[in-house]
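Contents: one structure, followed by commentary.
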Amino acid sequence: MSLQEPPVGTTPAEPVVAAVVVLAAGQGTRMRSRTPKVLHALGGRSMLGHVLAAAAPLAAARTAVVVGSGREQVTAHLAEAAPSALAVVQEEQNGSGHAAAVALDALPDVAGPVLIVNGDAPLLRPETLAGLVAAHRAAGDALTVLTAEVAEPTGLGRIVRDTGGAVQRIVEEKDADDAQRAITEVNAGVYVGDAGTVREALTRVGSANQQGEQYLTDVLGLLVADGRRVGGHRADDPADTLGCNDQRELADRRRTLNDRVLDRLMRDGVVVVDPRTTWVDVTVEVAPEVVLHPGTQLLGATTVAAGAVVGPDTTLTDTEVGERASVVRAHCQLAVVGDDVSVGPFAYLRPGTRLARGSKVGTFVETKNAQLGEGSKVPHLSYVGDATIGAGTNIGAATVFVNYDGVAKHHTTIGSHARTGADNMFVAPVQVGDGAYTAAGSVITEDVPAGAMAVARGRQRNVAGWVALRRPGTRAAEAAAEAAAETGGGGQAGSRATGSAPDDER
Ligand code: UD1
Ligand code: CA
């Protein structure tokens, strides 16, 4: 789903603003990373993706993202995540005011309210932006800025209000005097104003400040000097307004975002045993009465249906888990785990794994591009790659689906209600029919017809008395002699009936 489009099943909303402008050209030097700042990910989306998602319900006809540093990467990301957004290049990073001017120049036909937002505010929520726009409309001001009351305002622009409470200007930390630095109401870097008004004011913004940059924040003072009213809308939750400038802040924002996701899930009836070690992306869906054990990560497009139990120590990426399924100590990617399926402990499900209702992938089992039919089981120590297995089939312990001949991958098909022995190799391409059996230790290179028993291994030969003859004087020879004396035999181990009834749960 594109971030720009409303979720399936909802009717497109009336546009709340004419355009959204995201400022994302800055270098983000403090991240100390080659990745452009706004592409750093948290909760399953880039920072930029979170900002665009928060703005999406405003249903703007036009969205422009100002790119500069790392523009190729940011533009490529946009093409994928928000294809309808316009990337506007700011050649030199002359400040946020310059960036906003470049964006509005690229949207010459846009009139009416425009939302301008910093690209490094990943905790912004739709309701916060909607609240800002609603306050702006209600007051009829020329421009309204989102603000926050914070305990630690260091580094942020301060909101200077007059005695009547009207916003007069924003002063950047570096340009502030002591009295201004003591102000705890800060600029969140989100503004809504009439496109024409902002466009005109931006032409008058200079760069006579400590950083020698064109500050977007200077627009407020200019408008007030013109005799226009400027509003300041305090965010309900100051966390929404937090920027993200270095790795510590990124980790902090990630934790906050995760707390919010888990909070929502728990309100909906999901059992989160240990919120501190459970990580769920914003894109994941979890049904009520799911239990998430410690060390669980649910990532990407993962969905977990009602009554399923996941974890401990499980990572699911783009994986679908059915009702009442159990997934324990597993690593799964692009897998479909059906209703009542059991996975793990210690299982690795790779892309293309599809486990039908009531099936089982047990301990130390790896699967890839493998379909397991209803009620079928691969309980122990096996690799199942490029395989189709019917319903009600049991795969013996320590089985390998030999899918790769060193050049190409080949497919194995096993029918329904088959019983394959332990330690089998299925050398693909090969087929095993419905109801067929294979003997333990078989290397199956030829098709097995339905109902047949395939035996494909060397025949056992016992050389009687070999130890006494070839290893005289050893502990083995002594033990053999004692055994012979006890049984009164001639030093030959009694033959034991081998092969027990097939048992699904060996
Ligand atoms: C800015 C605000 C500050 C506010 C803070 C909130 C200004 C002058 N100051 O400060 O009042 O409290 O955000 O987090 O705006 N950008 C460009 N091109 C440029 C420069 C910046 O696109 O030439 C973008 C950046 O990528 C960023 C945004 O504009 O997304 C803000 O720039 P940044 O340098 O992060 O400003 P702050 O110092 O954080
Ligand atoms: Ca910033």
As a test of the formula, what do you get for the chain when each DSSP H run with n ≥ 4 contributes -39,500 (n - 2.57) and the sum is divided by the residue count, at 222 nm and rounded to the nearest 500 deg cm²/dmol? -6000 deg cm²/dmol
How big is the Rg/Rh ratio for the stretch 19-241, C-alpha atoms only, Rh by Kirkwood, two decimals? 0.93
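Please report the orientation-averaged projected area of the stretch 115-206, defined via the convex hull of its C-alpha atoms, in nm². Spell out each step's value before the answer.
Working: hull surface 27.5 nm².
Computing the convex hull of the Cα atoms and averaging its projections yields 6.9 nm².
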In Å², rounded to a whole number, the accessible area per residue of the chain with probe 1.4 Å is 48
Can you give the relative contact order of the chain as a percent, counting alpha carbon pairs under 8 Å and 6+ residues apart? 8
Report ³J(HN,Hα) in whole Hz for each residue of the stretch 391-405, in order, from the Karplus equation J = 6.51 cos²θ - 1.76 cosθ + 1.60 where θ = phi - 60°; Gly and Pro get x. 8, x, 9, 10, 9, x, 4, 6, 9, 10, 8, 7, 9, 10, 9
Any idea which of Ser382, Leu292, Ile170 is furthest toward the positive side of the dipole for the chain, if Lys and Arg beta-carbons carry +1 and Asp and Glu beta-carbons -1? Ser382
Rounded accessible area of Tyr348 (nearest 10 Å², 1.4 Å probe): 90
Unit charges on C-beta of K, R, D, E only; dipole of the stretch 271-399, Debye: 340
How do the peptides 218-224, 180-186, 92-98, 121-127 rank, highest first, by the average count of neighbouring beta carbon atoms within 10 Å per residue? 218-224, 121-127, 92-98, 180-186
At q = 0.14, 0.15, 0.16 Å⁻¹, what base-10 log of I(q)/I(0) does the Debye formula yield for the stretch 269-454 when every alpha carbon is treated as an equal point scatterer in vacuo? -0.70, -0.78, -0.86
Apply the Karplus parameterisation 6.51 cos²θ - 1.76 cosθ + 1.60, with θ equal to phi minus 60°, to every residue of the stretch 204-210 and state each ³J(HN,Hα) to the nearest whole Hz, in sequence, with x for glycine and proline. 9, 6, x, 10, 7, 9, 4
Nearest-10 value in Å² for the accessible area of His417, using the 1.4 Å probe: 120
Most to least packed among 30-41, 153-164 [average Cβ atoms within 10 Å]: 30-41, 153-164
Just want to confirm a number: the relative contact order over the stretch 19-241, from Cα pairs under 8 angstrom separated by 6+ residues, in percent. 24
Extreme residue, positive dipole direction of the chain, given options Asn394, Val67, Pro351 (C-beta unit charges): Asn394
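Which of the peptides 471-477, 392-398 is most tightly packed, and how do the rest follow, judged by the mean count of other Cβ atoms within 10 Å per residue? Before the final figure, lay out each step's value.
Working: 471-477: 11.3, 392-398: 22.3.
Order by mean packing, descending: 392-398, 471-477.
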In Å and on Cα atoms, what radius of gyration and Dmax does the chain show? 33.0, 116
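The values are calculated or read from the model by the stated rules, or taken from the named source; none is laboratory data. Bear in mind the structure is a predicted one, so any value in this text is a computation, not a measurement. Note that each Cβ is placed from the backbone with ideal geometry, even for glycine, and that neighbours are counted across all protein chains shown. Side chains included, ligands, DNA and RNA excluded: accessible areas come from the protein's heavy atoms. Shrake-Rupley method; radii C 1.70, N 1.55, O 1.52, S 1.80 Å.
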